[in-house]
Amino acid sequence: MFQIAPRSPVYDVAIIGSGAGGGTVTKVLADLGVNVALIEAGPPIDPAKDFKEHMWPYQVPHRGVGEGGAGYFGPSPWAFGYFTTTSGGWELPGEPYTVAPGSKFEWFRSRVVGGRTNHFGRISLRFADYDFTPYSRDGLGTDWPITYDELAPYYDKAESFIGVTGSKEGIRSAPDGIFQQCPPPRVHEMLVQRAAKKLNIPCIASRLAVITKPTNGRPACHYCAQCGRGCVTASNYSSSQVQVFPALKTGRVKLFTNAMARELIADPSGKVTGVSYIDKASRTERQIRCRSVVLACGACESARLLLNSKSAAHPNGLANGSGHVGRNLTDSVGYSLGASIPALEELPRHNSDGMGGMHVYIPWWLWDAKNKEFPRGYHVEISGGFHMPAIGSFARECREHEGYGKDLKDFIHARYGAYVSFAGRGEQIPNENTYCDIDPDVVDQYGIPVLRFHFKWTDNELKQAQHMHDTFQAILETMGGRVTRPRPNFMAGEGISMGGEIIHELGTIRMGNDPNTSVLNKHCQAHEVKNLFVADAAPFVSNPDKNPTLSIIALAWRTAEYLAEEMRKRNV
Amino acid sequence: MSELSRRDLLQNIALSVTLGGLSPAAAQHVHNVAADEKASSGVYKVKALNSHEYQTLEKLADLIIPPDEKSPGAAASGACEFIDLLASQNSRLLQIYTGGIAWLDQTMTRRYSTNFVKAKPNQQTALLDLIAYRRNESADLGPGIEFFDWARRMVVDAYYTSPTGIQVIGYVGNTSVSKFEVPQEAVDYALKRSPV
């Protein structure tokens, strides 16, 4: 075992990972005067240099398709396209993961300051009160050890600080929060609202982490629709720009980049005393000493770190006496469908950019319905409008119209901005066949054993995706669109997203009151290791149809305050 | 638009958001600078195709997106430069174009005893009318249909990602506004035609 140099500084808290969870804990602790080491596996990010906001496609010779037309021959070399901000990928060179036979799973990892918050869709939805008691409601899954009311003050803090748009609606599945004014609906969004109303489906102002008034020194959105490219004015939320950079200015945060955590070091009593990491530049192992540690590497990466922190006292990995580390993994159910809307053809041209994402969305509306064919629910995201033309923007029109010349050109012009599509994001219920563990045969380029994924949808999720299709088709047809895609055979596994594809993986280090069935207590503190906390989505007990980021921030905020208080009381 | 002028835009935006927004005139300026930049970028030196192949590609590009009274066609907007450049970086793509163009010439020669570029306009379109549609799939036409699919896709991509194409299709975003508004004219247009 490696010895820690006795002279090296001891940080109050070592935080591993700088995404939504790590960024929040860093900000809260630094503000409370705590001395923090922030450990990030990837490089720093420099918005002025790295972001491609406001670039036109023709400013790059390959226009975004990649050298040699790479994107024409397979997936784009960039997960979300050339112009999207630096944010990792589905494959990282030298850092593999494996998928068990019979399973399909994709794991998106960001190794960069800010992690996946640099690119995420900024959708910021509170969980509903009933989302914390899923087992009590339908007998499936497990109840949370905390209630909505316990988390609500932290939703307030999170929304006030990062800035979230929205409107007060009084809908139980979509609790109201502290909202900034949402910009008005675009033309296609008005049509969606009218069609939804006719079908008794609510369609309300978007809840996006985009500021529409100056907030904490950040200027308001300038409505260029390019949130995904990274915002040079930091008018949307990313943990890098909104939490990490300001926290660094306090002088209480030491940021370690390109530092890949390998193992937590525990003393014989089981307390964590340090973090062992690989300095990627020199490919040498180093240690950081700390009084407590907060894992925020992303749910699966945090589980991997605990499973790889084995010792005589913790043969199954640190804090894993329950055997639940890596279990209870879920992703969101995803399905999309769109159609061209005749009423929008030849629409008078105007700037419809707006925020980087929809201005209205559909919260789950059947939370009280009886005789539903599947448990739980989904929300619906909407896209359309005049987007900046990009490689592939008119591939659909070329395919549908074929031909050439003036006819083709006229068809493309008529269809520009007329296509409307819906994406559902629904709740997967944890099942015993879906988890991650350590592959006994494979290590990454740093010699760290890698994760192996096991993933199964159940009929609950397949029926939900089927319901999404039928809903989307009904709305599109009510708008006058004609859906050309045949209904997939959902019950045979068609149509539904692949596990991991929606990038909402969570639950792998869950919280609970029973140390036999959970790893963390209700404060996201390990039952077995008092100075070990988890602040990403790994503690989540269920994966409601709300997208996890806002809840990660709220829960991490609560965890950070609890940790600071326990440190003050000298309990950790 | 050069990296420098983009940087000016970003600085302008950073400044203007604090002052309350970028003026419409400034936004238009951004677009014009972008268009001028392209026009002054000089003559492209063909890298992968030979001059006959490049000439054939130019003809094909303008048949796919022809010039009209208001705007130049695909060739003048840089579509062939885009294709030639990528083909110079990828032998698979180069083969698609050299092979496809040779197929066009051979087929034209068989039908009209001349190559594609030298054929009469009605002879050119007669062949395209066959290979521009999947429904004409046959052993004879298969390679031509496959090739035309590539050419159409890439010419359309190149055209609409060029300053000309962006202007022609009417994309007026990628700018900075202090308030997002939807013009009433567009709302009325859609609502009048909408079944809901």
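The values are calculated or read from the model by the stated rules, or taken from the named source; none is laboratory data. Owing to the predicted nature of the structure, the values given are computational and were not obtained by experimental measurement. When we count neighbours, we look across all protein chains shown, and the Cβ atoms used for this are built from the backbone with ideal geometry, even at glycine.
The figures follow:
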quantity: Flag for A:Leu191 being facing chain B (nearest Cβ under 8 Å), over 23 Å from the mean Cα position of the chain (by Cα) and either surrounded by fewer than 24 Cβ atoms within 10 Å (Cβ to Cβ) or among the aliphatic types (A, V, I, L, M) (or both); calculated: yes
quantity: Some residue of the range A:414-429 being in contact (Cβ under 8 Å) with a residue 60 or more places away in the chain, touching an Asp or Glu at 6+ places or on another chain (Cβ under 6 Å) and at the interface with chain B (Cβ under 7 Å from one of its Cβ atoms); calculated: no
quantity: Residue satisfying condition, being within 27 Å of A:Val450 (Cα to Cα), without any contact (Cβ under 8 Å) to a residue 60 or more places away in the chain and over 21 Å from the mean Cα position of the chain (by Cα), within set A:Gly74, A:Gly89, A:Gly68, A:Gly94; calculated: A:Gly74
quantity: Considering residues of the range B:161-196 that are of a type in the set (S, T, N, Q) and assigned to a helix (DSSP H, G or I) only, the residue surrounded by the fewest Cβ atoms within 10 Å (Cβ to Cβ); calculated: B:Gln184
quantity: Test: residue in the range A:480-496 that is surrounded by fewer than 22 Cβ atoms within 10 Å (Cβ to Cβ), within 14 Å of chain B (Cβ to nearest Cβ), in contact (Cβ under 8 Å) with a residue 40 or more places away in the chain and part of a helix (DSSP H, G or I); calculated: no
quantity: Selected residue [modelled with pLDDT of 95 or more, in contact with a Leu (Cβ under 6 Å, 6 or more places away or on another chain) and within 27 Å of A:Val420 (Cα to Cα)] from A:Arg186, A:Arg229, A:Arg194, A:Arg207; calculated: A:Arg207
quantity: Test: residue in the range A:175-182 that is in a loop (DSSP other than H, G, I, E, B), touching a residue at least 40 places away in the same chain (Cβ under 8 Å) and surrounded by 21 or more Cβ atoms within 10 Å (Cβ to Cβ); calculated: yes
quantity: Among the candidates A:Lys198, A:Lys157, residue that is within 14 Å of another protein chain (Cβ to nearest Cβ) and over 21 Å from A:Tyr130 (Cβ atoms); calculated: A:Lys198
quantity: Residue match in the range A:454-474 (condition: within 14 Å of chain B (Cβ to nearest Cβ) and in contact (Cβ under 8 Å) with a residue 12 or more places away in the chain); calculated: yes
quantity: Any pair with Cβ under 6 angstrom, 6 or more apart, that starts in the range A:332-359 at a residue that is more than 8 Å from chain B (Cβ to nearest Cβ) and closer than 20 Å to A:Val164 by Cα and ends at one that is aliphatic (A, V, I, L, M) and not in a helix (DSSP H, G or I); calculated: A:Gly356/A:Ala225; A:Gly357/A:Leu208; A:Met358/A:Ile382
quantity: Condition met for A:Glu381 (more than 14 Å from chain B (Cβ to nearest Cβ), surrounded by fewer than 24 Cβ atoms within 10 Å (Cβ to Cβ) and acidic (Asp, Glu)); calculated: yes
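Table: residues versus (1) in contact with a Lys or Arg (Cβ under 8 Å, 6 or more places away or on another chain); (2) surrounded by 19 or more Cβ atoms within 10 Å (Cβ to Cβ); (3) more than 14 Å from chain B (Cβ to nearest Cβ).
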| site | (1), (2), (3) |
| --- | --- |
| A:Ile16 | no, yes, yes |
| A:Gly21 | no, yes, yes |
| A:Thr26 | no, yes, yes |
| A:Leu38 | yes, yes, yes |
| A:Gly42 | yes, yes, yes |
| A:Pro47 | no, yes, no |
| A:Tyr58 | yes, yes, no |
| A:Gly71 | no, yes, no |
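Residues are listed down the side, and each one gets a yes or a no for (1) part of a helix (DSSP H, G or I); (2) within 10 Å of chain A (Cβ to nearest Cβ); (3) loosely packed, with under 15 Cβ neighbours inside 10 Å; (4) on the phi > 0 side of the Ramachandran plot:
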residue	(1), (2), (3), (4)
B:Asn115	no, no, no, no
B:Asn122	yes, no, yes, no
B:Leu127	yes, no, no, no
B:Leu130	yes, no, no, no
B:Arg135	yes, yes, yes, no
B:Gly144	yes, no, no, no
B:Phe148	yes, yes, no, no
B:Arg153	yes, yes, no, no
B:Asp157	yes, yes, no, no
